[in-house]
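Okay, so here's the structure we're looking at.
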Amino acid sequence: MSGMLCARMKSRRRAALGALTAAGVLALAATAWAGRGKPCATCEQCTELLSRPGAEVASSGPLKSGGVCVTIRGEGATFDGSRHSIEAGTAVAVEADDVVVRHLRAAGGERGVHVTGARATLLDARIAEGKVGVLVDGAPDLRIVRSVIERVAIGVAFDEVPSTTCESGARLRSPGAVLQKVSISGTGVAVAACEAMPAIVDSSLTGNQTGWVQGDPTPEASAKGEGPYDPCVCAPTLPDMKPGTTLLYSSGCAGSLFHEGLLPDVRAQGHDINLREYGRGNAAASAVYDAYVRRCAPEITDAIGIPGCMPNYACVASGDVVKRRGDDDRLVVDHRLSTADDVAAFAARCVSMAAAHFGESPCTAPALRGSTLCHNETDVKSARPLAGVDNRCADAKGLGCAPCEGPAPAPMIPVRAAAGGQGSEATDAPEARPRPAAAPTPPEPVKAAPPAGPARAASPETAASESAAAEPDAPQRAPGPAAWWLPLIGLPLGVGIGVFFARR
């Protein structure tokens, strides 16, 4: 009798174990999609989901449409293309404020992205073989970051009706436009700014028929409309934010606590670090911080969760980040920050870049900063005087140019970041000209011993994340919670294991 009872209990334990195993894998599958948002499989489904305010939606596969594929009407919505191809007349139409579009892959068609009258941020877009890469129709505060546009008629067009020449007397309809770490090549016109005065930062306009067409739009009745400016630097929504401020994204996990422990030493040296508050009682401050970095430093949170619990640093003035998501969802480490000295050097570089590129008036910063404008048949056609600093370009007066050297570069192909220490930056855009000698010399960091680790014991998972955060020796390939393929493998495997144990 006792033997039968024991056998029954053993069978129940195995069944429970099988059920728990399957449930665990189901939870893992749910977490995988949670990293990017709710999946959508068709243009219509994506559009319907993105009509809701604050929606987070991710494409689960290639999309195709004869007209507009994905339309975003929900304020504060995020669409992740997940690097799946979109073939459509217009891949994505943005019609709502505070929208983020990331990891978009669009080819052919009339337009890659069409932004109408809305604030938006595009991160990691790859647009090719079409008429207009990004059409901006009266859209204030547009940010295009770490993107590649090639082999289209016009790369970025700030005009309701895109053209290759600008008529005089146009109204400034798209103030506050910023292209940061963007590569545009093989186009008829890389940037056509008839109704805007964009800031082009650490970018490359090479191998085009015309690099940049600039009109002379009539400024709006606002100091912000008098010239190129970066709203994230000129009018930040984050308290105590200045052009040279370094952001530290912390979630309170083990790796974040390690970096928080470095802050007293770094701040004692006079460096300006803006830390994200978190935890109970700080929900409102966290929300303000998250909204700012989502718009102004989208890479900083795009990399969180790869491979797990890790902090991240960013400099809005330069577009530098410590960690970012690379192709195939791997973690790319641009800077090694494992000591207080490393953090101090990163912060000093941010101050130097802000001083060189913004000077005393961040609301009217130079139009071309730290960029390459070379090997175009015509570099610039401008109806107004343009100013620049720290650029490589041909005979374009006033743009702060060093001569173009060497042969015309091949079309830009995104590459994986190389390993390196502090200051070794690898981005998806071509290397910018070395930083200006006239910039203020960064203060020499004082040698400081890293403080002891967090008082609480870290789990093996967070400990591994802390190790990766503290000493990222090289770019790491890690699927992370946002790996879309994980459920396809994990779910059948977990169910199979559960059935196996249940039958034993």
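Derivation of every value follows stated rules applied to the coordinates shown; laboratory data play no part. Owing to the predicted nature of the structure, the values given are computational and were not obtained by experimental measurement. Counting neighbours? That spans all protein chains shown, and the Cβs are built from the backbone with ideal geometry, glycine included.
The figures follow:
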read-out: Gyration tensor (alpha-carbon) shape descriptor, the range 172-321, a/c threshold 1.5; value: prolate
read-out: Cα gyration tensor shape for the range 51-149, rounded if a/c is under 1.5, else prolate or oblate; value: rounded
read-out: Electrostatic dipole magnitude of the range 151-213 [Cβ: Lys, Arg +1; Asp, Glu -1; Cα centre; debye, to 20]; value: 140 debye
read-out: Under 17 Å from the E167 label point (7 Å along Cα→beta-carbon), backbone N, the range 183-206; value: 193-196
read-out: Proxy reagent accessibility, fewest Cβ within 10 Å first, across D390, D341; value: D341, D390
read-out: Relative contact order of the range 146-258, pairs being alpha-carbon contacts under 8 Å that are 6 or more residues apart, as %; value: 25 percent
read-out: Ellipsoid semi-axes in whole angstrom, largest first, where each is sqrt(5λ) of the Cα gyration tensor of the range 38-94; value: 16, 12, 8
read-out: Formal net charge of residues neighbouring D230 (Cβ-Cβ distance under 10 Å; K, R +1; D, E -1); value: +1
read-out: Test item: Cα-centred dipole of the range 361-402, Lys/Arg +1 and Asp/Glu -1 on Cβ, debye; value: 140 debye
read-out: Cut-off 18 Å, label 7 Å out along Cα→Cβ of A402, residues of the range 369-385 by amide N; value: 369-375
read-out: Packing-based order for 162-174, 274-286, 102-114, 178-190, using average beta carbon neighbours within 10 Å, highest first; value: 178-190, 102-114, 162-174, 274-286
